[in-house]
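A quick write-up on the structure given underneath.
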Amino acid sequence: MQFAIAVAYNDPAHLVPIARCAEEAGFGAIVLSDHLVYPGRLTTSYPYTKSGRPRWKPDSPWPDPFVAVGSMSAVTRRLRFIVSVFVLPLRHPVLAAKTISTASILSGGRLTVGLGAGWMREEFELVGASFEDRGRRLEEGLEVMRTLWRGGMVEHHGEFFDFGPVQMSPVPAHRIPIYGGGVSAPALRRAARCCDGWASEIQDRDRLEGILATLRGWRSGSGRAAEPFGLCVALRDVADLAGYRAMAGLGITELVTVPWLLYGGDPDSLEEKMESIRRFGEDVIAQSDWDRSFRE
C-alpha cells in the first residue's frame, strides 16, 4: 500500500514544491481532481454531501490535471500521479487520448487515470455535451482511447464515435492504468468490468467494506478476475497506524490523505503544508514497510 496526497483546491503555485516534498517523505502518489467551471447558478445536487452543495467555493482553483502532472513529474523521479476523477464524457475521447498519452510518456509511465461520468449538468450544457447518456459515452470513450493507445493504424465504429483508419503518435510503451470512479451501482459495475481499479470518493470505513465486496463480486464474473485491480481510497474515519494497517490488509493499494488537515496546518501556508507532509512521513510512512520498494 502506498500513501497518496490529495491536492484539490490548492494554490497551483504550491503543487510543484508539494510534489518534491511528498517524494522525499516517502509518499507514493499525488491525487489530482477535475472540473471545468463553477456555474453562477448551480442547480444540480452534489451527490457526496448531505446538503447537496459542493465542498469547494466558486473561486477554488481547478488547474488542468494533466498540465499539473507535467509540471510535477518534471521535478520528481518516482512519485506517481492519479487523476481522480477525470470527467471523460465532457471531452472528445480522441483529444483526451492525446493529452493522457502525452502526460503518461513525459512522466515516465507514472500516470494513473480515474474516469468518472460526472455529476454537474451545467458543465455538460456549457460544452454542448449530452448529460443523459454520459455513462455509455464514458465506456465507449475508454474503448476509443485504448484503441488509439495500441499504436498503428486503427479504427472505431460505435454508437457515439466513428472514424476510419488513423494513427496516434506517440503512444505509451505500457498500458495506462485506468480506475473507475463513483459509488453508484453502474459506476462500481463499470469499474469492475472495464477498468484496472477503483477510485473512491471520501468514504466511511464501514461502507467501504461493502463497496469492496460488491466490486470483487462483479470483478469475479467479468473475465478479468486474475488481473491486478487497484483500490485508491479516501476515508474520513481512518487516521492512525492501526487503521492504516487494517486498510493495507483489505488490499487497498493507494490510501489518500491530506496531511495538513490531519495535523491542523494552515491550508494557505505552503511551509505548514510541507511540514505536515514531512511529519506524516516520519510518524506513519517510516514506521512500517508500507512500500519498501518505493523508498529504496
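The values are calculated or read from the model by the stated rules, or taken from the named source; none is laboratory data. Everything numeric in this text was worked out from a predicted model, so none of it was measured. FYI the Cβ positions are ideal-geometry reconstructions off the backbone, even for glycines, and counts take in every protein chain you see.
Is the range 44-61 home to any residue that is surrounded by 23 or more Cβ atoms within 10 Å (Cβ to Cβ) and either on the phi > 0 side of the Ramachandran plot or modelled with pLDDT of 95 or more (or both)? Checking the range 44-61: not a single residue is surrounded by 23 or more Cβ atoms within 10 Å (Cβ to Cβ) and either on the phi > 0 side of the Ramachandran plot or modelled with pLDDT of 95 or more (or both). Residues of the range 19-34 that are in a loop (DSSP other than H, G, I, E, B) and surrounded by fewer than 17 Cβ atoms within 10 Å (Cβ to Cβ): none at all.
Selection of the range 147-167 for residues being surrounded by 15 or more Cβ atoms within 10 Å (Cβ to Cβ) and touching a strand residue (DSSP E or B) at 6+ places or on another chain (Cβ under 8 Å) yields Thr147, Leu148, Val154, His156. Within the range 235-254, residues that are under 18 Å from Trp198 (Cβ atoms) sit with their Cβ atoms under 6 Å from residues that are surrounded by 12 or more Cβ atoms within 10 Å (Cβ to Cβ) and of a type in the set (Gly, Ala, Ser), at 6+ positions apart or across chains, in these pairs: Thr253/Gly230; Glu254/Ala4; Glu254/Ala29. Among the residues examined, Leu148 does not qualify as closer than 24 Å to Pro47 by Cβ and of a type in the set (A, V, I, L, M).
Taken together, the residues in the range 105-121 that are among the charged types (D, E, K, R), surrounded by 20 or more Cβ atoms within 10 Å (Cβ to Cβ) and farther than 30 Å from Arg77 by Cα amount to 0.
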